[in-house]
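The values are calculated or read from the model by the stated rules, or taken from the named source; none is laboratory data. Quick caveat: nothing in here was measured; it's all calculated off a predicted structure. Cβ placement follows ideal geometry from the backbone for every residue including glycine, while neighbour counts extend to all protein chains displayed. Calculation scope for accessible area: heavy atoms of the full protein, side chains included, ligands and nucleic acids excluded. Shrake-Rupley method; radii C 1.70, N 1.55, O 1.52, S 1.80 Å.
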Amino acid sequence: VSGKAVFRREEFLNASLDFGSTSIDLQDYATTGLRVVCVGPSGIGKTNAGLLIAEQLAVQGWVSVLMDPEGEIEALYGDAVGSPQDLAAALEHRRQLIVVVHVENAAEFIPYAHAVMSAVDEHRKPVFLMLDESQIFSASRRRKGSDELAEASAIVNDFTQRGRKRALDLFLSAHRFSGSLDRAVFANKNLTLVGRQEDPTAWSALAPQFKGSRIGFTELAALSPGEFFCFSRRGVEKVTMPMADALRAVAPKASVVKPTVPVTFSQWDRAMREIPTSRLQTLTGPIVNLLGAIAGLQTQQLAAGTRALRDELEARG
Ligand SMILES: Nc1ncnc2c1ncn2[C@@H]1O[C@H](COP(=O)(O)OP(=O)(O)O)[C@@H](O)[C@H]1O
Ligand SMILES: [Mg+2]
């Protein structure tokens, strides 16, 4: 080790990320900061992955700022800040650990991004910035975009290059690897999450990332939502992300509704109204008895059902 002082981020020394079966020791990132890129098409769990990291860092000393272009995050963590000034204030006071910013396009992003840069420049306290759907804020230089997109891209590049000494850590999600974002983002990333990819033409851009890993397109196409190949300082491994707390809280409860067999005459009567006549006519005595035995029906229950069936068929003529 040379005598030169090495820049180290204190907050990283005892911090970690819990990716389910894998834990990322953030001490590995103390001298570099954390720049996560997460790629894959819609529905593979990119937003969840970003929120999971944001939640975990928010309880380990960071303020997490979530740039939400789709309006889906605001509902999870409370109202978005009303203005860039409000964001600046939130980053100064650091009372709110998760701050949502609603920005639908590059033009709206620019003033908020300036507020983030000024705040981290001034305070140098840990901030985690999630840019979900970041192709809205960053584009490959070769591609012609609006002036606002070019300006936003320059700011994002600034974040990736100058964030390190300003205690600014990043998460960017995008649909495709390379091409989709400015090259500087890919050049400066140091933790990569690659989710399921069904489009074989996307493989050529991804292949260099997987070189020497024995992971190919087949393995990539077989991933489920929430599963990623995770490239960290320790190498590549498959991870299954837990659900972020806020998402789990709103996920529809997977309650298993056990279908119940009618018991009373009126329950049988109601159940039969929906069944086509031709179907009901197939229910002859021996078949009813057989089905009743298979379903384990009580004698009374079966009798009520048989009466309701006869009534229903008579009613239909
Ligand atoms: N880690 C996970 N475990 C289980 N299901 C997940 C996980 N991540 C995402 N999902 C499922 O996939 C859906 C889409 O996730 P999301 O994060 O919104 O994907 P994306 O941002 O890539 O479109 C979620 O609503 C959830 O049902
Ligand atoms: Mg998403």
Residues of the range 303-317 with the amide nitrogen closer than 18 Å to a label point 7 Å from the Cα of S278, along Cα-to-Cβ, please.
313, 316-317
Given a Förster radius of 22 Å and the C-beta distance between D86 and A150 as r, what FRET efficiency does 1/(1 + (r/R0)^6) yield to the nearest 0.05?
0.25
Efficiency by 1/(1 + (r/R0)^6): what FRET value for H123 and T32, r their Cβ-Cβ distance, R0 = 22 Å, to the nearest 0.05?
0.65
Which whole-number percent of Cα pairs in the range 159-272 have a distance greater than 18 Å?
66
Given 0.36 nm per residue, what is the gain on full extension from S42 to D79 after removing their alpha carbon distance, in nm?
10.9 nm
Show me, for the range 181-194, the HN-Hα J-couplings you get by feeding each phi into the Karplus relation (A = 6.51, B = -1.76, C = 1.60, θ = phi - 60°), rounded to Hz, glycine and proline as x.
10, 4, 4, 4, 5, 5, 5, 9, 5, 9, 9, 10, 10, 10
Mean separation of Cα contacts under 8 Å (at least 6 apart) over the residue count of the range 21-142, i.e. the relative contact order in percent, is 29
Net charge over other residues, Cβ less than 15 angstrom from the Cβ of S42 (K, R count +1; D, E count -1)
-3
Can you tell me what share of the DSSP beta bridges in the chain is antiparallel? A percent to the nearest 5 is fine.
35
Where the only charges are on Cβ atoms (+1 Lys, Arg; -1 Asp, Glu), what is the dipole of the chain about its Cα centre, to the nearest 20 debye?
1040
Reported to two decimal places, what Rg/Rh ratio describes the chain when computed on Cα atoms with Rh from the Kirkwood expression?
1.22
Per-residue HN-Hα couplings for the range 96-101, Karplus 6.51 cos²θ - 1.76 cosθ + 1.60 at θ = phi - 60°, whole Hz, x for Gly and Pro?
8, 8, 10, 10, 9, 10
Under 8 Å for C-alpha pairs, at least 6 residues apart: give me the relative contact order for the chain, rounded to a whole percent.
20
Rotationally averaged projected area of the range 1-118 (alpha carbon convex hull; nm²)
9.5
Roughly how many percent of the accessible protein surface of the range 41-140 is carbon and sulfur, given a 1.4 Å probe and a whole-percent answer?
48
A 1.4 Å probe over the protein heavy atoms gives the range 260-317 a carbon and sulfur accessible-area percentage of 56
Accessible area per residue, Å², the chain with all protein chains present, probe 1.4 Å:
52
Once you place label points 7 Å from the Cα toward the Cβ at E237 and E10, how far apart are they in nm?
3.0
So what's the convex hull volume per residue for the Cα atoms of the range 96-166, in Å³?
86
Express the C-alpha Rg of the range 225-317 as a ratio against the empirical globular expectation 2.2 N^0.38 Å, rounded to two decimals.
1.99
Going toward the positive end of the dipole of the chain, with +1 on Lys and Arg Cβ and -1 on Asp and Glu Cβ, which of T192, Q301, I53 do you reach last?
T192
DSSP loop GluC sites (Glu not before Pro) in the range 180-284 with at most 16 other Cβ atoms within 10 Å of their Cβ, which ones?
E198, E274
